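Below you'll find the structure, written out as structure tokens, and then a few comments.
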Amino acid sequence: MTTLLNVKDLRAYYGQVQALHGLSFSLNEGSLVTLLGANGAGKTTTLRAICNMVRSTGGIEFDGKPLNNRSTESIVRFGIAHVPQGRGTFTTMTVEENLQLGAITRKDSAGIVSDIERMYAHFPVLKQRHTQQAGTLSGGEQQMLAVARALMLRPRLMLLDEPSFGLAPLVVRDLFGILGKINREDKVSILVVEQNAQLALELADQAYVIETGRIVMSGNAKDIANNEEIRKSYLGY
Amino acid sequence: MELFTNQVLAGIATGAIYACMALAVVMIYQAIDHLNFAQGEMAMFSTFISWQLMQWGVPYWAAFVITLAFSFAAGIAIERILFKPLTKAPVLTNVAGFIALFAIINSSAGLIWDFTIKQYPTPFGSAPFLGSQLISTHQAGMIGVTILLLLGLYFFFQYTRIGLAMRAAASVPESARLVGINTSWMIALGWGMATAIGSIAGMLIAPVVFLEPNMMGGVLIYGFAAAVLGGLTSPFGAVVGGFLVGVFENLAGTYIPGVGNELKLPIALALIISVLVVKPAGLFGRHIVKRV
């Protein structure tokens, strides 16, 4: 298996405050990796650093090419789709316009049209609401829309920042089922940041645990889920 | 009754110009959250360019198109050179930037073309429109050009990918970057378009107010009033506000004793203040709620 994303000694700063203290991890092509950790551990910062939305140093390589010092919008063109915390919905626009925006860097208009149909097949609720303002959707529907918008890029890697946030448990189950399917069937590698460790570990191949800006634990997701000591001390369940 | 109809139609004609100015102001406000105080001066300068071209023998519509292209490029250049570096600067720094721009453009126009009033031609003539005394062909032309412009803009923002990208960049910049939109260039593009729209307003109003470096002062204040009335966050509102202000201005000047021509401008200012007091978001604006 080839390494798709390789992060080495990543340090990130908000003004004078250092949020990440030399964090290293990697993600294999086609795998689903989860970053776990408590509030403020640096999970979101890690995703933001990958897309150059926060000042950082260290090495970030995607498919062997360095991403450092590239603008956020040019990193998207490598095939990295980032669903930010809070979903980043274009609330004043329609559901369909949101999907078109996901594919705004693509040139193949026929492919875009068929991909929109594909998303409607994946998420039937979006088809029902395709002319509705995205802001009027429920939280779960907006999260579906955010994932669909990211997939419209035909990404190689999808970064998801707490997709379960604010959603009812049943909706979260649904969503994670869909993520697993996307990972297996569409061969999209996924890096997902989660506070809901139990669910994320069920889904993921590989897991990393972050605490105060450092990786404190890594390994096979099953092993971590089965290790009671790690679960109790870091994951709180 | 005829006086009333006449005043309303004339109000719609000047309202079309206010609508253009308001639209230009709103486009830039949407992109960078600041009011462009120099919008009127930029329009005035563009109008002088078209006048100069015509002096050199270029036909009206050719001069019109060249001026649009010039204004578009100039708008982008102003954004790149002056306001892009100010992106993260405090509000007052930006305001100072706009005032500097205002002074620079106003004085350069005076320096190049001096401050004497000049005649500006109209391609529509000034005969009665369709034989009616109610409205002149030039006024009808002002309304017609504005409506064409508005339809074009609507089509652009609603049905083209670049229009979609511009709307996305203005509404949620961070998400726009995350889908790969170069938001910084979208802002520059917004400046270009706003400047071009302003130049249309300038070229259409110049035959009415005559051409001189201070010609747009009053027009811009009406444009601001229109934008505030319609809601600074709503391009549609700005257009409606423009027409409303135009009609209101004329009716107030005709029917309220003592207002006449001289006190029309304070009416616009009073309108701005009343809207801000009674309904700060304007007629069509969104109420912006910020989480603290």
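Annotations
- Lone unmet requirement of (1) within 12 Å of chain B (Cβ to nearest Cβ); (2) of a type in the set (D, E, K, R); (3) over 20 Å from A:V147 (Cα atoms); (4) surrounded by 16 or more Cβ atoms within 10 Å (Cβ to Cβ) for A:R11: (1)
- Residue in region B:151-168 that is nearest to A:V83 (Cα to Cα), counting only those that are in contact with a helix residue (DSSP H, G or I) (Cβ under 6 Å, 6 or more places away or on another chain) and more than 10 Å from chain A (Cβ to nearest Cβ): B:M166
- Residues of region B:169-191 satisfying the condition of being farther than 29 Å from B:V219 by Cβ, of a type in the set (A, V, I, L, M) and either more than 10 Å from chain A (Cβ to nearest Cβ) or assigned to a helix (DSSP H, G or I) (or both): B:A176, B:L178
- Every residue from region B:129-156 that is surrounded by fewer than 16 Cβ atoms within 10 Å (Cβ to Cβ) and assigned to a helix (DSSP H, G or I): B:G144, B:I147, B:L148, B:L151, B:G152, B:Y154, B:F155, B:F156
- Taking region B:192-292 and the helices (runs of 4 or more DSSP H) fully enclosed by it, the elements with 3 or more residues that are under 24 Å from B:S136 (Cα atoms) and hydrophobic (A, V, I, L, M, F, W, C) are at B:217-230, B:235-255.
- Hey, B:S136 touching a residue at least 40 places away in the same chain (Cβ under 8 Å), within 21 Å of B:P121 (Cα to Cα), hydroxyl-bearing (S, T, Y) and away from every other protein chain (no Cβ under 14 Å) or not: no
A quick yes/no check of all residues on (1) assigned to a strand (DSSP E or B); (2) within 16 Å of the chain's Cα centre (by Cα):
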residue: A:L101; (1), (2): no, no
residue: A:R106; (1), (2): no, no
residue: A:A110; (1), (2): no, no
residue: A:H130; (1), (2): no, no
residue: A:L159; (1), (2): yes, yes
residue: A:L170; (1), (2): no, no
residue: A:D174; (1), (2): no, no
residue: A:G177; (1), (2): no, yes
residue: A:R184; (1), (2): no, yes
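- Looking only at region A:79-109, residues that are more than 10 Å from chain B (Cβ to nearest Cβ) and closer than 15 Å to B:L178 by Cα come to 3 in all.
- Breaking point among (1) more than 23 Å from A:L179 (Cβ to Cβ); (2) away from every other protein chain (no Cβ under 12 Å); (3) out of contact with any Gly (no Cβ under 9 Å at 6 or more places or on another chain), for A:N52: (2)
- Condition check for B:A109: touching a strand residue (DSSP E or B) at 6+ places or on another chain (Cβ under 7 Å) and either in a helix (DSSP H, G or I) or surrounded by 11 or more Cβ atoms within 10 Å (Cβ to Cβ) (or both): no
- Exactly one residue out of A:V113, A:V95, A:V125 is touching a Gly at 6+ places or on another chain (Cβ under 9 Å), over 20 Å from A:I50 (Cβ atoms) and of a type outside the set (G, A, S): that is A:V125.
- When B:F224 is tested against the conditions (1) more than 14 Å from every other protein chain (Cβ to nearest Cβ); (2) over 13 Å from the mean Cα position of the chain (by Cα), the lone failure is (2).
- Single unsatisfied condition, B:F124 versus (1) crowded, with 17+ Cβ neighbours inside 10 Å; (2) more than 14 Å from chain A (Cβ to nearest Cβ); (3) assigned to a helix (DSSP H, G or I): (3)
- Matching residues in region A:55-74 - criterion: being under 23 Å from A:Q18 (Cα atoms), out of contact with any helix residue (DSSP H, G or I) (no Cβ under 7 Å at 6 or more places or on another chain) and within 14 Å of chain B (Cβ to nearest Cβ): A:R55, A:R70, A:S71
- Single condition A:H122 does not satisfy, out of (1) at pLDDT 90 or above; (2) in contact with a Lys or Arg (Cβ under 9 Å, 6 or more places away or on another chain): (1)
- For region A:86-97, residues that are buried (at least 16 other Cβ atoms within 10 Å of the Cβ) and part of a loop (DSSP other than H, G, I, E, B) total 7.
- Matching residues, region A:59-92, being without any contact (Cβ under 8 Å) to a residue 60 or more places away in the chain, more than 20 Å from B:W185 (Cβ to Cβ) and of a type in the set (A, V, I, L, M, F, W, C): A:I60, A:L67
The values are calculated or read from the model by the stated rules, or taken from the named source; none is laboratory data. Just so it is clear, the model here is predicted, and its values are computed rather than measured. Backbone-built Cβ (ideal geometry, glycine too); neighbour counts: all protein chains shown.
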